Amino acid sequence: MEFQNLIYDTKNNFVLITINRPKKLNALNQDLIEELNHVLKYAEEDDAVRAVVITGSGEKAFVAGADIKEFSEFTVAQGEDLARKGQALLFDFIDHMSTPVIAAINGYALGGGLELALACHLRIACEEAKFGFPEVSLGLIPGYGGTQRLPQIVGKSHAMDLILTARMLGAEEAYDISLINEVVKREELLPKAYEIVGAITKNAPHAIGQAIKAINNSFHNEGYEIEKQSFGKCFGTTDFKEGVDAFLNKRKPRF
Ligand code: DAK
């Protein structure tokens, strides 16, 4: 199958997906979300696929966020609707897969890109990787599950810090706060991901799927719904218009 925004490679018993928009730092647009859903669905349905690894092309970015140009004109209704659609096609979809998904983070993982990594079951990164939620600097909040999964993974205190300050952090700090499972040298990133795939796939696949389901269910709450509504409301504000205009015109926002 031909894809415009990703490359997928079927290995022995797993699939490697490489997000491939390097000129736009692999920013997530709607087409890419659909393409990822397509490959992930296939991986989930084929019993021969026992794991998935997701990485970004180039040395600069895993995914530098949702595509800001694409969402700059969205209304409140479109924002909420697309948050729902994106969650169903990609973020919740991965979270609920019974096939384990590992994010191999090779550079910037920002905004929607960090949300993608958080939806994966495990995260490893190279030493140069950078993480952050710049959404509030654009007049938004993380709308693809970030306000829910970040506190689940790093705790409320670190989540408040990262989301409210919008600061970027490096791989060592990300490891220290348990945002990622491991940090390795760049050349060891994919070999380490494959090693983890090997460690998981020697175990019983049915039990792996049930374990993921049980772990996920310890985090059931209403927060995801509130996030979608709050995210949609941000699109009706002058802050959003100012934040996005500032990014697109390469200037600092004035809030
Ligand atoms: N979207 C679109 N283009 C992007 C991009 C992005 N997120 N990130 C980078 N690019 C583009 C840049 O515009 C530039 O394009 P050209 O000007 O060359 O055409 C190219 O990638 C290279 O980027 P830079 O020239 O900026 O590279 P630098 O090394 O100087 O800087 C950077 C790297 C990662 C620090 C910088 O690119 C940056 O700050 N990027 C934006 C980070 C960011 O704010 N990401 C968005 C976070 S908000 C939604 C649901 C969820 C969301 C949105 C909507 N709906 C349901 C509707 C989530 C929102 C987010 O993710």
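Some points to look at:
- Around Gly145: net Lys/Arg minus Asp/Glu count, Cβ-Cβ under 12 Å: -2
- A DSSP coil position with no more than 15 other Cβ atoms inside 10 Å describes the following chymotrypsin sites (Phe, Trp or Tyr not before Pro) in segment 143-250: Phe219.
- Within segment 173-223, GluC sites (Glu not before Pro) in DSSP loop having at most 10 other beta-carbon neighbours inside 10 Å: Glu222
- Values of log10 I(q)/I(0), in the order q = 0.10, 0.14, 0.17, 0.20 Å⁻¹, for segment 3-104 under a Debye, Cα-only, solvent-free model: -0.28, -0.54, -0.78, -1.03
- Cα pair distances of segment 84-201 binned at 10 Å [whole percent]: 14, 47, 33, 6, 0
- In this rough spin-label picture, where each label sits 7 Å from Cα along the Cβ direction, the Asp161-Asn13 distance is 3.9 nm.
- Packing-based order for 113-120, 27-34, using average beta carbon neighbours within 10 Å, highest first: 113-120, 27-34
- With at most 16 other Cβ atoms within 10 Å, longest stretch of the chain clear of loop trypsin sites (Lys or Arg not before Pro) (DSSP): 61-166
- Enclosed volume per residue, in Å³, of the convex hull spanned by Cα atoms of segment 9-55: 60 Å³
- For segment 23-45 and segment 90-145, distance of Cα centres in Å: 13 Å
- For the chain, the Rg and Dmax computed from alpha carbons only, in angstrom: 17.3, 54
- Separation of segment 147-197 and segment 211-255, taken as the distance between their Cα centroids, equals 19 angstrom.
- Counting only DSSP beta bridges with both residues in segment 99-255, the antiparallel share comes to about 15 percent.
- Which listed pairs, of Lys202/Lys228; Lys24/Lys241; Lys60/Lys250; Lys41/Lys252; Lys60/Lys156, have C-alpha distances above 31 Å, in listed order: Lys202/Lys228; Lys41/Lys252
- Principal-axis analysis of the Cα atoms of the chain puts helix 223-234 at an angle of about 40° to the longest axis.
- Fraction in percent of alpha-carbon pairs per bin - 5 Å, segment 163-255: 2, 9, 9, 13, 13, 15, 15, 11, 7, 4, 1
- Most fluctuating residue given options Asn12, Asn26, Asn37, as computed from a GNM of the chain linking Cα atoms under 10 Å: Asn12
The numbers here are math on the coordinates, done by the rules we state, and not lab data. Note that this is a predicted model, so its numbers are computed, not measured. So basically every Cβ, Gly included, is an ideal-geometry build from the backbone, and we count neighbours across all protein chains shown.
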